[in-house]
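What follows is a set of notes on a single structure, which appears directly below.
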Amino acid sequence: MTDLATDTMTAPLNSSQRLDFNTPALQRKRRIRAIKDRLAHWYVSIGGLVVLAAITLIFFYLAHVVLPIFSGAELEAREAQQPAWLAEQGEALLLAVEEQNKVAMRLNRAGRVQFFATKDGAALSSVQLPLPAGASIVSFSEDQPGSRRVALGLSNGQVLVFKQNYRVTYPDNVKTITPTLEYPFGETPLDLDPQGRPLEHVAISQNGDTLLLSASTGAELHVLAMSREENDFTGEVTQEERRIVLPQIAEPISALLIDPRHQWLYVFNGRATADVFDLRSNSLNGRYKLLEGEARVSTVSPLLGGISLLVGDSKGGIRQWFMVRDEDGQSALTRIREFKLGDSAITQFLPEERRKGFLALDADGKLGIFHSTAHRTLLVEQVAEGTAVATLSPRASRVLVESKGQIQPFVVDNPHPEVSWSSLWGKVWYESYDEPKYVWQSTSANSDFEPKLSLSPLTFGTLKAAFYAMLLAAPLAICAAIYTAYFMAPALRGKVKPVIELMEALPTVILGFFAGLFLAPYVEGHLPGIFSLLLLTPLGILLAAYGWSRLPERIRLLVPDGWEAALLIPVILLVGAFSLGMSGHLENWLFDGDMRLWLSNDLGIPFDQRNALVVGLAMGFAVIPNIYSIAEDAVFSVPKSLTFGSLALGATPWQTLTRVVILTASPGIFSALMIGMGRAVGETMIVLMATGNTPIMEMNIFEGLRTLAANVAVEMPESEVGSTHYRVLFLAALVLLSFTFVMNTLAELIRTRLRKKYASL
């Protein structure tokens, strides 16, 4: 075939000598090639579609897991109960349900406690409280949610304390719940008012072995502290009583509450104000205005933990208050947030026993479900006609409402009340905090924990880590790519580029391990040297370049064109050795021997060993190969005709680089930066091991951070499947995916515009 083609080129062909391009062999070869082309086309197309489908499915799966946390609550009514014993008991004073939602308790004003089955209202047992002869119940108060302790204020100035108890047994392998009543401080009521006047309002709080009781008669306060101690050897129990004398107030009292830590006593009066007494100093902390206008306080209740107070008014409004320290360290009762149920007076609060949610009931029989931290109203529904008495089960899954001689059960479905857009992205005023803050704290050791699920500090930490990493990686990688592709000799480029690209194969877990165990303590011990290195390296390179330019031409010509960069290796090594070697001396001369203490004490800049500086150094090292490789290919791919044409027209190599090469390669350089940014945003192991994983919102380079990816990696194995925490972690993953998608989309749009703009070059 080759000889025939050569002959054809040297002499004209006649008709008998013409080549036949339609032979069976060539036709078969063309068919095979066409089949291969079609297969490759379909393979690439289907592969791309599969990738897009996979990403789309991941997105929808994440959304499917996340969406339930933004749904509201549901209330399902069950068949109303009218047991025969209900009509004989009279008006209900208190309702309660045990843990398993099997047994309920009802207390009437005559002191009769009736236990009944929640399923059908069948009577189980009845107990008459040991009230003194001639005494009746005037008021009652429950201790903190979940305590099951109740204090009854009697008409003779005494207080009776009892507690519900439900004993679980398994006779014949059948689960049986036996309700009983206990009297932890004896069946004899405690004297609170020496004059024997009716106790119009009463409050109870037990902290350890100390019981604190408070009651009011008109505008007069009575406070009794009881300590109970048991001898470990003899088992003898001794009780000690102590009366606390507080300043008296002039207005009639409408409600009382005691802080579970026995620090504050809240006294509410009819003028919509509250007097707060400090029980540790027996003094008045202050008087606080609770409501404005004609509204009056109708009912009050503590939230889980007792730190927050719920105040309901006669206009259907609900306000949350708790004590906050001001700048002088003084505590003041502060209004935190407000809710609205309806237009009628709030008659009862039902705090949840395991979350910071609560239910509210008004005089018209309207029930509302709320969550304090999320500042969220989940449901408002009519459950009765007129005034009613209700109770919420310990698991917040059942509600019993008694109204007009019948008991109406409801099933509550409220799995994720803790999440709202404001709690995820806005500042939230958490209990015991001095001001609203962005906080991520998903777990705690105590049961009255207030979940803090703000994604803002995690998103901030993600961007902070990426910013410092790109601050180091972008200039080095882009400049190295430009120099390698445009100025460096081909032989040297063939050695440098593979070495830099080989850095990408280094596992990030190794980089994180190195950064956390070696780099972080080394940077802490050589801070002056690190900053000297950052300052002296550019200066040393410039001085070396200036000195090289001053050398005689015969010496400079000894180095082949494009190999000058190799001369900088000893310069950088010498500058590094000098900077780090002088670190200790600089620290002694300028910072009194400890730069870290100087930063903290003199400048007020906190310093953590594992900080954003360490992350920037380690993650920047990991991102450099990505940016360098793509940017170098983009610069090297600029047609040589453009370069030669510019040089031929008299432009210098630097002018050609800045006005032709970089502009033409700008779409590729921009893509390199965006891919590097995406790598930095999604990096997990380096930020997981090289930072303190502290979710704070500080731009300080010497403080730590926590990223979305690291948070998911740390907390996902510990989260309960289907819980709010679990779904919020999926939301963090969805935010990370969406951020990457939006960033890449914008990058592609900008890259396309740059390509069109400079395509004419």
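The values are calculated or read from the model by the stated rules, or taken from the named source; none is laboratory data. Since the model is a prediction, treat every value here as computed from it, not as a measurement. No Cβ is skipped: glycine too gets one built from the backbone with ideal geometry, and neighbour counts run over all protein chains shown.
Just give me the residues in region 434-462 being surrounded by fewer than 17 Cβ atoms within 10 Å (Cβ to Cβ) and either out of contact with any Phe, Trp or Tyr (no Cβ under 9 Å at 6 or more places or on another chain) or not in a loop (DSSP other than H, G, I, E, B) (or both), in sequence order.
Within region 434-462, ASP434, LYS437, GLN441, SER444, ALA445, ASN446, SER447 meet the criteria.
Could you tell me whether region 551-563 includes any residue that is without any contact (Cβ under 8 Å) to a residue 40 or more places away in the chain, part of a helix (DSSP H, G or I) and surrounded by 12 or more Cβ atoms within 10 Å (Cβ to Cβ)? Yes - at least one qualifying residue is present in region 551-563.
Only strands (runs of 3 or more DSSP E) whose full extent lies in region 344-416 are considered here, and the ones with at least 3 residues that are crowded, with 20+ Cβ neighbours inside 10 Å and on the phi < 0 side of the Ramachandran plot are 346-351, 357-362, 366-371, 389-392, 398-403, 406-413. Residue check: ILE627 meets all listed conditions (1) without any contact (Cβ under 8 Å) to a residue 40 or more places away in the chain; (2) within 24 Å of GLY512 (Cα to Cα) but one, namely (1). Evaluated against (1) of a type in the set (D, E, K, R); (2) more than 30 Å from MET697 (Cβ to Cβ); (3) part of a loop (DSSP other than H, G, I, E, B), ASP328 falls short on exactly one condition, (2). Of all residues in region 60-115, those satisfying the criterion of being more than 31 Å from the chain's Cα centre (by Cα) and of a type in the set (Val, Ile, Thr) are VAL97, VAL103, VAL113. Candidates LEU199, LEU160: the one that is among the aliphatic types (A, V, I, L, M), crowded, with 16+ Cβ neighbours inside 10 Å and part of a strand (DSSP E or B) is LEU160. When restricted to residues that are among the β-branched types (Val, Ile, Thr), under 43 Å from the mean Cα position of the chain (by Cα) and either crowded, with 21+ Cβ neighbours inside 10 Å or not assigned by TED's automatic domain parsing to the domain that holds PHE644 (or both), region 657-674 contains 1.
Could you count how many residues in region 166-189 are over 30 Å from SER254 (Cα atoms) and touching a strand residue (DSSP E or B) at 6+ places or on another chain (Cβ under 9 Å)? Total meeting the criteria: 11. Across region 256-303, the number of residues qualifying as at positive phi and surrounded by 16 or more Cβ atoms within 10 Å (Cβ to Cβ) comes to 2. Scan region 697-715 and give yes if some residue there is surrounded by fewer than 17 Cβ atoms within 10 Å (Cβ to Cβ), part of a helix (DSSP H, G or I), outside the structural domain of VAL523 (by TED's automatic domain parsing) and at pLDDT 90 or above, otherwise no. Yes, region 697-715 contains at least one residue that is surrounded by fewer than 17 Cβ atoms within 10 Å (Cβ to Cβ), part of a helix (DSSP H, G or I), outside the structural domain of VAL523 (by TED's automatic domain parsing) and at pLDDT 90 or above. Filtered by the rule that a residue be in contact with an Asp or Glu (Cβ under 9 Å, 6 or more places away or on another chain) and either within 18 Å of SER141 (Cβ to Cβ) or crowded, with 20+ Cβ neighbours inside 10 Å (or both), region 324-343 gives ILE336, LEU341.
Residue pairs whose Cβ atoms lie under 6 Å apart, separated by 6 or more positions or on different chains, with the first residue in region 58-71 and under 15 Å from GLY722 (Cβ atoms) and the second surrounded by 14 or more Cβ atoms within 10 Å (Cβ to Cβ) and aromatic (Phe, Trp, Tyr), are LEU62/PHE730; VAL65/PHE730; VAL66/PHE730.
If you check LYS315 against the conditions, is it modelled with pLDDT of 90 or more and surrounded by fewer than 23 Cβ atoms within 10 Å (Cβ to Cβ)? Spell out the reasoning first.
Numbers: modelled with pLDDT of 90 or more: yes; surrounded by fewer than 23 Cβ atoms within 10 Å (Cβ to Cβ): yes.
Yes, satisfied.
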